[in-house]
1. Given the options Val137, Val121, Val166, name the one that is in contact (Cβ under 8 Å) with a residue 60 or more places away in the chain and of a type in the set (Val, Ile, Thr).
2. Would you confirm, using the coordinates I've provided, whether Met63 is within 18 Å of Ile191 (Cα to Cα), modelled with pLDDT under 90 and either surrounded by 15 or more Cβ atoms within 10 Å (Cβ to Cβ) or under 22 Å from the mean Cα position of the chain (by Cα) (or both)?
3. Every residue in the range 138-174 that is of a type in the set (D, E, K, R) and in contact with a Pro (Cβ under 8 Å, 6 or more places away or on another chain), please.
4. Scan the range 123-159 residue by residue and report those that are of a type outside the set (A, V, I, L, M), in a loop (DSSP other than H, G, I, E, B) and in contact with a His (Cβ under 9 Å, 6 or more places away or on another chain).
5. Could you tell me whether the range 88-103 includes any residue that is modelled with pLDDT of 90 or more, over 19 Å from Pro131 (Cα atoms), of a type in the set (A, V, I, L, M, F, W, C) and surrounded by fewer than 17 Cβ atoms within 10 Å (Cβ to Cβ)?
6. Asp145 is checked against (1) without any contact (Cβ under 8 Å) to a residue 12 or more places away in the chain; (2) under 19 Å from Val54 (Cβ atoms) and fails just one. What number does that condition carry?
7. Looking at Ala120, Ala172, Ala106 in this structure, which one is surrounded by 17 or more Cβ atoms within 10 Å (Cβ to Cβ), in contact with a Gly (Cβ under 6 Å, 6 or more places away or on another chain) and small (Gly, Ala, Ser)?
8. Of everything in the range 122-148, what is within 17 Å of Met63 (Cα to Cα), over 16 Å from the mean Cα position of the chain (by Cα) and not charged (D, E, K, R)? Give them in sequence order.
Amino acid sequence: MSVDQKMDSGRRQLLVATSAAGGVAAVATAVPFVASLTPSERAKAAGAPVEADVGKLAPGEMMTVEWRGKPVWILRRTPEMLASLDQTESVVSDPESNKQMQPEYAKNKTRSIKPEYLVAVGICTHLGCSPSEKFKVGAESGMGDDWHGGFLCPCHGSRFDLSGRVYKSMPAPDNLEIPPHKYLSDTKILIGDDSKA
């Protein structure tokens, strides 16, 4: 074997060894990087469905649970609250929730699976403020004689009825969001999942 051939063989071995070491280094660097792109256990838990027990919620009362960092209101409506929805039908901008993406079970006057319970994300669709409950009716509410109860966003004055439907000519463009949900029993609601089991 000539000196040139020995040199080529040595170079070839050095090139192979360098390439292998570079490949190992690239994989060793890529594995933690790719692993960092997967959601953490904490992030998975934050996006997971949330169970709410409404068994102790009296008619006319509302509770709040957190789902995906958002407040979700569960309002147990009284027969009077449900009757008020007929009176607000003509003054809300999207009475059947057809304008925006909503679950099919929200495309009705009560915007709910069970008329007694409203399950809605408590964030105004204008700029993301949190509306306040204004359940008293008429002059007692401070909202005017024709107020039938609902929610008021204090930031820019958007008004929503007791189904979370936005009144006409308000800054908020859409009704309150109805999150995916389903009933696990008469008193347990799973928020964040509406798939059939």
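1. On the way: Val137 fails: in contact (Cβ under 8 Å) with a residue 60 or more places away in the chain; Val121 fails: in contact (Cβ under 8 Å) with a residue 60 or more places away in the chain.
The match here is Val166.
2. Here the answer is no, as Met63 does not meet what is asked.
3. Looking only at the range 138-174, we keep the residues that are of a type in the set (D, E, K, R), and these are 140, 145-146, 159, 161, 165, 168, 174.
Answer for the range 138-174, where residues must be of a type in the set (D, E, K, R) and in contact with a Pro (Cβ under 8 Å, 6 or more places away or on another chain): just Arg165.
4. Narrowing the range 123-159 to residues of a type outside the set (A, V, I, L, M): 124-126, 128-136, 138, 140-142, 144-151, 153-159.
With in a loop (DSSP other than H, G, I, E, B) added as a condition, the list becomes 124-126, 128-131, 135-136, 142, 144-149, 153-158.
Within the range 123-159, Cys124, His126, Cys129, Cys153, Cys155, His156, Ser158 qualify.
5. Checking the range 88-103: not a single residue is modelled with pLDDT of 90 or more, over 19 Å from Pro131 (Cα atoms), of a type in the set (A, V, I, L, M, F, W, C) and surrounded by fewer than 17 Cβ atoms within 10 Å (Cβ to Cβ).
6. (2)
7. Ala120
8. Ser132, Phe135, listed by residue number.
The values are calculated or read from the model by the stated rules, or taken from the named source; none is laboratory data. These numbers were taken from a predicted model, which means no experiment stands behind them. Because the Cβ atoms are built from the backbone with ideal geometry, glycine has one as well, and the counts that use them run over all protein chains shown.
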